Amino acid sequence: MIQYFKNVWSGFSSSLVGMHITFKHLFVKKVTIQYPDQRFDLPQNARNRLKLTMSRCNGCNSCVVACPVNCILVETVRVSPDDPHQEVHDNGKPRIMWVTKYEIDFAKCCYCGLCMQACPTDAINHTTEYEYSEYDRNKLYYKFQTLTPEQVTEKERLLAEFKAKDKDKDCKTTAAKADPKPTKPDQAEK
Amino acid sequence: MESTNFVWDLMGRNLGGVLIVISLPLFFVLLYALIAILAELKISAWIQERLGPMRTGPWGILQPVAEVIKLLQKEDITPDQSSKLLYNLAPFIIFTGAYAAFAVIPFSEAFVPADINLGLFYVFAIGSISAMGIVMGGWASNNKYSLMGAMRSVSQLISYEIPAAMAILSVVVLASSMNMQEISRAQGGGFWNWYIFGGPGTWTKIWVVPFTFGLTIIYFIASLAETNRVPFDIPEGESELVAGFHTEYSGMKFAMFFFAEYANMFVVAAVLTTIFLGGWNSPFGDFMQGPWWGSFWFILKSFVVVLFQIWIRWTLPRFRVDQLMYVGWKVLLPLSFVCFMAISLFVMLK
Amino acid sequence: MSEKKRLDLEYSQLDSDRMRINVGPQHPSTHGVLRLEVEVDGEIVTEVVPHLGYLHRSFEKHCESMTYQQIIPYIDRMDYISAMNSEWPYVMALEKMLDIKVPEKVEYLRVIVAELNRIANHQIAVATFGLDAGAFTPFLFYFRDREFIIWILEKLSGARLLYNYFRVGGMAADIYNGFREDCLSVIEKVRKTNAEVMDLLIYNRIFIQRTANVGILTPDVAINYACSGPVLRGSGVAYDLRRNEPYSIYDRFDFDIPVGKGEVGVVGDCWNRNMVRMHEMEQSCRIIEQALEQMPMEGDVKANVPRRIKVPKSEVYMRAENPKGEVGFYVVGNGTDKPERLKARGASFVNLSVIPEISKGYMFADLILILGSIDIVLGEVDR
């Protein structure tokens, strides 16, 4: 009998304790951030949308290798020495590869930051930009290349011409030089 | 004032007058439901240190309107395997049950839609209609969750009506009337004359005060259960039954359930106000007393009770179905009987 | 227990049909895409069959075609509530295979982020458990506080939830200025909220009625089902890998292993399991305080590790105490930069298997609470 009244009382009093706590919280300063008007400052290392600085990218393919979800697509063409249009990287070295295609599918990207870590020239970076939702998934397919398709065919033609000329000149040296592609993983390893 | 309904005085008892009398509480319910929904949103937010709705209208005050418009636009789904007639009828029955109780609510000295002698009895009888609506809706949905919710709901409503009835009976004993206007009138002259403090009388009433105070709390708890509010919201306990008896409802029919819930909250708050908190009487005797002030006091007191219901909702966890029965039958019922006996004894010896 | 027996007796005398209810995969309180096939007799649960696999992403097979570094983001997605803790045993396994000694500072940093993440995980566990019981307010109190922990972890790693912060032989980034102060202020907030929730929820009579004496898991059943973490400790078995098999530098800290004491109800019920989590938050706070004091603030956070990790032909099983229980990674290397086989032991998966055993005979509403008290995350159950 006493236990019964104790139970009833503890049920009643513990509810009152809870109500007291919630009542106190009615008048506490609120923590809501009214999002589009107020924003939360993200830390500088926050991993959101990727940004590519084309003047730094040397087309080494390390980011493609590092990416766990294969969302980066890179295609390169070797710079022909005969090309009148020569470029210099941000770090002062001459460009060896034209990056004819650098495409990131943000619908696939998992924002792990491994590409950023793998990049030897600091060309690809996560930014704090996070408001880029789209209604159409295709619009999340970002193309970072700066060359137009016409320029790309031009570069390819120049390289082919140069190779043909080179081949005529000396078969032996071209064979030693081999294809430009196998050099890429070596670069990545360094 | 002679009459208890100012509309009769102004218009006479004709069709126009009747229509106005019917529609006045309806407008009030709709307006009140919007305010109560906003209060629910805002109070829950403040308790949880949030701001609540802020972007619909200034300070978010148009949020309930936006929600009603959203519900109106939504697709009205009737499940294929449901019992169509009962399924479509249930929300209206529930709302009718909630709204019909407004017929005897004494809003003011000068306005009670129907001044009948069995007012309290009528509120109780009509209140059970919503149980029928719930069981209809739950059964007709042809959904296991709905069925379980409906079963729980009905058993809950029936069990909690008894302690609530005991609380009301005690007041009937004290006031020797079931007319809600009479009961209100009896409590005039200051808050110490309210039935929560034993009703009008000399200082000898002091030993009945604990019992009437306890009865107020008992009635309040029972009313929470009758309106399916936390901690007694197991019929719609979302963590296990998804949404209970109205799982399958959408659009306007869901809005009817929603409105009915809020209307019911006001009905039980109004009954509590009338029988324990002095009805339309000013708490300070003749100060601010009168027909217009009366409606102000009545609505204010009822709204405070509604705010209490909201406050409790955001504090407590919910009971389990067997514990709910335990509280109803083994705690509230014996305690309300004890209080009832004590009050009857007091009235006999007086 | 007597309550349950009484109910059993009462209901056994009724002649009633049984009803099969499908709980999930879309249900508000299955904590993800779990499906439970429940057979109820009125309100009494007679049979529970969990159906898994709605979130199966083929994690283990996937790992075989990825380099060791690329696996870490996938591990984050296993137990996404406590990603830091899950990354740790995997990284430790590789370090053991490659025989790498990580710097002292890294060890301390790992302990701190893991314990911060443990607090965040337990906050979610207790909060959602309260939500299952119908208490909404503690849920948001905890989410408010968890935000501060996530804020620290975001400043460290750059992400809010899927950190990808651990590296083989180190961490991805160094600590920032004011890290120590941030941690200490968070600890203060955690303690304050815990004290408040104790009054508001844990010792509330209704909550006790709902959770005490419900879902009793006896120690022998817990051990037989290989339960771990708070589920095991809630049954009174003081088994914690941080103490029983100290990995990293856990032997340097002074902390207690909270076990279910049966303060309310009996040992092994939902209330005690939940209470273990409340106490563990406090113990994590203690560990963080000690680690912050001992941690060398200078120095690099990376050991000398080749950029492309090639693991020799070997196999290692490494386990660690996660907030949800014991998480282990069995890695088989084959001399290349990709694992031959990787097997993960998910704590939630093992703990979930005990549900049919302990939820029979309780009410339908209790089943939800028992599920909540086990604290599963479906990413780890299905992998």
Number of the exception - residue B:24 against (1) out of contact with any Gly (no Cβ under 6 Å at 6 or more places or on another chain); (2) surrounded by 17 or more Cβ atoms within 10 Å (Cβ to Cβ); (3) not β-branched (Val, Ile, Thr): (2)
Residue in the stretch A:62-79 that is among the polar types (S, T, N, Q) and within 14 Å of chain C (Cβ to nearest Cβ) present: yes
Number of positions in the stretch B:304-326 that are among the aliphatic types (A, V, I, L, M) and free of Cβ contacts under 8 Å to residues at least 60 places away in the same chain: 1
Qualifying positions in the stretch C:35-61 - over 23 Å from the mean Cα position of the chain (by Cα) and of a type outside the set (Val, Ile, Thr): C:37, C:39, C:41, C:42, C:43, C:47, C:61
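Yes/no per residue for (1) farther than 30 Å from residue C:177 by Cα; (2) modelled with pLDDT of 85 or more; (3) more than 9 Å from every other protein chain (Cβ to nearest Cβ); (4) surrounded by fewer than 17 Cβ atoms within 10 Å (Cβ to Cβ):
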| position | (1), (2), (3), (4) |
| --- | --- |
| A:1 | yes, no, yes, yes |
| A:5 | yes, no, yes, yes |
| A:16 | yes, yes, yes, yes |
| A:29 | no, no, no, yes |
| A:41 | no, no, yes, yes |
| A:47 | no, yes, no, no |
| A:59 | yes, no, yes, no |
Residue check for residue B:260: surrounded by fewer than 22 Cβ atoms within 10 Å (Cβ to Cβ), at negative phi and in contact with a helix residue (DSSP H, G or I) (Cβ under 6 Å, 6 or more places away or on another chain): no
Which numbered condition residue C:138 misses (of (1) buried (at least 24 other Cβ atoms within 10 Å of the Cβ); (2) away from chain B (no Cβ under 14 Å); (3) within 19 Å of residue C:277 (Cβ to Cβ)): (2)
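Taking the stretch A:101-124 only, how many residues are more than 14 Å from residue A:142 (Cα to Cα) and either within 13 Å of chain C (Cβ to nearest Cβ) or in contact with a helix residue (DSSP H, G or I) (Cβ under 9 Å, 6 or more places away or on another chain) (or both)?
Narrowing the stretch A:101-124 to residues more than 14 Å from residue A:142 (Cα to Cα): A:110-123.
Narrowing further to those that are either within 13 Å of chain C (Cβ to nearest Cβ) or in contact with a helix residue (DSSP H, G or I) (Cβ under 9 Å, 6 or more places away or on another chain) (or both): A:110-120, A:122-123.
Summing the residues that are more than 14 Å from residue A:142 (Cα to Cα) and either within 13 Å of chain C (Cβ to nearest Cβ) or in contact with a helix residue (DSSP H, G or I) (Cβ under 9 Å, 6 or more places away or on another chain) (or both) in the stretch A:101-124 gives 13.
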Candidate set from the stretch C:331-362 (those that are without any contact (Cβ under 8 Å) to a residue 40 or more places away in the chain and in a strand (DSSP E or B)); member that is farthest from residue C:36 (Cα to Cα): C:332
Cβ-Cβ under 7 Å pairs, at least 6 apart or on other chains, the stretch C:17-37 side hydroxyl-bearing (Ser, Thr, Tyr), far side surrounded by 21 or more Cβ atoms within 10 Å (Cβ to Cβ) and assigned to a strand (DSSP E or B): C:30/C:23; C:30/C:36
Options B:38, B:31: the member that is over 30 Å from residue C:196 (Cα atoms), at pLDDT 85 or above and not small (Gly, Ala, Ser): B:31
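Hey, any hits in the stretch B:232-243 for a residue that's assigned to a helix (DSSP H, G or I) and more than 14 Å from chain C (Cβ to nearest Cβ)? It would help to see each step written out before you state the result.
Initially, the stretch B:232-243 is screened for residues assigned to a helix (DSSP H, G or I), giving B:234-236, B:238-241.
Narrowing the set further to residues that are more than 14 Å from chain C (Cβ to nearest Cβ) leaves none.
There is no residue in the stretch B:232-243 that is assigned to a helix (DSSP H, G or I) and more than 14 Å from chain C (Cβ to nearest Cβ).
Hey, can you tell me all the residues within the stretch A:73-94 that are surrounded by 19 or more Cβ atoms within 10 Å (Cβ to Cβ) and either touching a Cys at 6+ places or on another chain (Cβ under 9 Å) or in a loop (DSSP other than H, G, I, E, B) (or both)? Working first, answer last.
As a first pass, look at the stretch A:73-94 and keep what is surrounded by 19 or more Cβ atoms within 10 Å (Cβ to Cβ): A:74, A:76-80.
If the condition is that a residue be surrounded by 19 or more Cβ atoms within 10 Å (Cβ to Cβ) and either touching a Cys at 6+ places or on another chain (Cβ under 9 Å) or in a loop (DSSP other than H, G, I, E, B) (or both), then A:74, A:76, A:79, A:80 are the ones that fit.
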Any hit, the stretch C:211-229, residues being surrounded by 17 or more Cβ atoms within 10 Å (Cβ to Cβ) and more than 30 Å from residue B:240 (Cβ to Cβ): no
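The values are calculated or read from the model by the stated rules, or taken from the named source; none is laboratory data. In this text the structure is predicted, and so the values were computed from the model without any measurement. FYI the Cβ positions are ideal-geometry reconstructions off the backbone, even for glycines, and counts take in every protein chain you see.
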